[in-house]
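Notes to accompany the following structure.
Throughout, read-outs are computed from the coordinates displayed, never taken from laboratory work. A quick note: this is a predicted structure, and the numbers were derived from the prediction, not measured. Here the Cβ positions follow ideal geometry from the backbone for every residue, glycine too, while neighbour counts run over all protein chains shown.
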Number of protein chains: 2
Amino acid sequence: MEPAIHKEEHLRSSQLLSDIVIGMSDGLTVPFALAAGLSGAVSNSNIIVIAGIAEIAAGSIAMGLGGYLAGKTEQDHYTSEVKREYYEVDHLRSREIEETKEFFANIGLSEKLQEQATEEIANDKDRWVDFMMKYELGLEKPDPKRATKSALNIGLSYIAGGIIPLSPYFFINNSTDALKISVVATLICLFVFGYFKSKVTGVAAFSGAVRVTLIGAMAAAAAFGVAKFFENH
Amino acid sequence: MEPAIHKEEHLRSSQLLSDIVIGMSDGLTVPFALAAGLSGAVSNSNIIVIAGIAEIAAGSIAMGLGGYLAGKTEQDHYTSEVKREYYEVDHLRSREIEETKEFFANIGLSEKLQEQATEEIANDKDRWVDFMMKYELGLEKPDPKRATKSALNIGLSYIAGGIIPLSPYFFINNSTDALKISVVATLICLFVFGYFKSKVTGVAAFSGAVRVTLIGAMAAAAAFGVAKFFENH
């Protein structure tokens, strides 16, 4: 049993990491860009703080509950598909036999082995349905607590990410001055975050960090430009 | 060949739909909630329009480029894993044989069939690697143009979604009046959007629509409350 338990834990920790990555990458980027954009249009930090906090509240709830909904949908979908597979195994047995044979044909087994393997699998109904779920439909059994955990992890990561670019505006009244510190602090954080994100997802860490930082910078520059343009028109 | 082509097309259209869903659900929700939040703090629509446009610019770029990055990462990951599998098939053949046998053991085949099926698969190296990629690692070959298309689809859907809640503020100078129209228009759009989203993902359409609408309403209410609180403190 040990390798299975190990794999399970590995999976769980990577789901947590993926939630954090989802929440934090948007949390660092969008409030940062919004505050930068508003700095191009208003000189007083006060309104930027309010807009930033409203955005963090809105974004964390939208993303967190979005994650919850996605998890729930995944679960509902899995449950309804399991039901259907059991029905099909009972009532459309010959079609399911064909589909199972087709799977073995696709991976390259000979006609003879296709027959034999299908026969063996079809002997145990539960196992057969499990097999069809995983390899015909590509669906993994979702963790029932995942939706709630996902919502919390994503929402909190968004808040944690969003506070960083916003905090200079709390203390510095002139928005242009606050923006300078916000840019430096956030780009450093984006780089560090991008570095670890790349490590976790297994791509080249340095170029991954550069990519993440560039996205944040581009979003902020675009927001700044657009806000300045609309302020003057 | 016909069923395979059909399946491929089905997959492609569902990726487009999934991009639109990702972009539009956040686009409808976050700018809506931000504008609602700011309406709780400022009475002139002008600043809300600027903040809203800055947010749409920031959000669409962050999400669009985020989608691009995710697509690129998926591709890099796939390429590096294919390379590794070829290396392992050449240099760690006995371990790969064990892993392949394990796969067949897990789906419930007898010892004898495990041996035979593994032997047949290991005969054709390309096919074997394909098999390991798909069923040991659970990785599908990604479409090379997917990253760019994904970025555009997500970004444009975010903009399309974001313009709806923001448009009343363009024409109505008093933010509280604009908010009322924005709430009605956006909640209707969220409901319609949630309905089609649920249809596409195969869950109960009406309750799915209610869920999506509730998330948007909660995000907007929270942003409104938080902004009002900070404005008074």
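Other residues within the sphere of radius under 11 Å centred on the Cβ of residue A:92, judged by their own Cβ, net out at -3 (K and R +1, D and E -1).
In this simple spin-label approximation, residue A:126 and residue A:93 carry label points 7 Å from Cα along the Cα→Cβ vector, and these lie 2.0 nm apart.
Within the shell defined by Cβ-Cβ distances under 14 Å, the residues around residue B:70 carry a net charge of 0, with Lys and Arg each +1 and Asp and Glu each -1. About the centre of its Cα atoms, the protein assembly as shown shows a dipole size close to 2040 debye [charges on the beta carbon of Lys, Arg (+1) and Asp, Glu (-1) only; nearest 20 debye]. Around the Cα centre of the range A:87-233, unit charges on the Cβ atoms of Lys, Arg, Asp and Glu (plus for the first two, minus for the last two) sum to a dipole of about 1140 debye.
Take residue A:79, push a point 7 Å out from Cα through the beta-carbon direction, and compare it with the same point in every other copy: 4.3 nm, smallest first.
The residue of chain A whose Cβ sits closest to the rotation axis that maps A onto B, together with that distance in whole Å, is A:51, 2.
Plainly put, the tip 7 Å out from Cα toward Cβ on residue A:124 is 2.9 nm from that tip on each other copy, the closest given first. At q = 0.15, 0.16, 0.24 Å⁻¹, what log₁₀ I(q)/I(0) does a Debye calculation on the Cα points of the range B:84-188 give, no solvent, two decimals? Listed by q, the Debye log ratios stand at -0.72, -0.78, -1.18. Based on every Cα atom in the range A:163-224, Rg and the maximum pairwise Cα distance Dmax equal 13.0, 42 Å. Rounded to the nearest 10 degrees, the angle from helix B:146-171 to the longest Cα principal axis of chain B is 10 degrees. The residue list B:204, B:223, B:110 was ranked by how far each Cα lies along the charge dipole of the range B:11-227 toward its positive end, using unit charges on Cβ atoms, and B:223 comes out on top. Using only the alpha-carbon atoms of the protein assembly as shown as identical scatterers, what base-10 log of I(q)/I(0) does the Debye formula give at q = 0.11 Å⁻¹? So the normalised log intensities are -0.91. Give me the percent relative contact order of chain A, please, defined on Cα pairs under 8 angstrom at least 6 residues apart. With pairs under 8 Å counted, the relative contact order is 40 percent. Projecting the Cα atoms of B:94, B:73, B:20 onto the dipole axis of the range B:1-137, where Lys and Arg carry +1 and Asp and Glu carry -1 at the beta carbon, places B:20 farthest toward the positive end. Across chain A, counting alpha-carbon atoms alone, Rg and Dmax equal 24.8, 78 Å. Any idea what angle helix B:175-201 forms with the longest principal axis of chain B, computed on alpha-carbon atoms, 0 to 90 degrees, nearest 10? That helix lies at roughly 20 degrees to the long axis.
Relative to the other identical copies, residue A:214 shows label-point distances of 4.3 nm, where the label point lies 7 Å from Cα along the Cβ direction and values run shortest first. Counting only the backbone N, which residues of the range A:82-98 are under 18 Å from the spot 7 Å out from the Cα of residue B:207 toward its beta-carbon? Answer for this model: A:82-84. Principal-axis analysis of the Cα atoms of chain B puts helix B:45-91 at an angle of about 0° to the longest axis. When the alpha carbon gyration tensor of the range A:43-108 is reduced to an equivalent ellipsoid, the three semi-axes, largest first, read 51, 15, 5 Å.
Between residue B:18 and residue B:232, the distance separating the two model label sites (each 7 Å from Cα on the Cα→Cβ line) works out to 4.5 nm. Under 18 Å between alpha carbons: how many lysine pairs meet that in the range A:11-227, if sequence neighbours fewer than 8 apart on the same chain are excluded? Lysine pairs meeting the criterion: 13.
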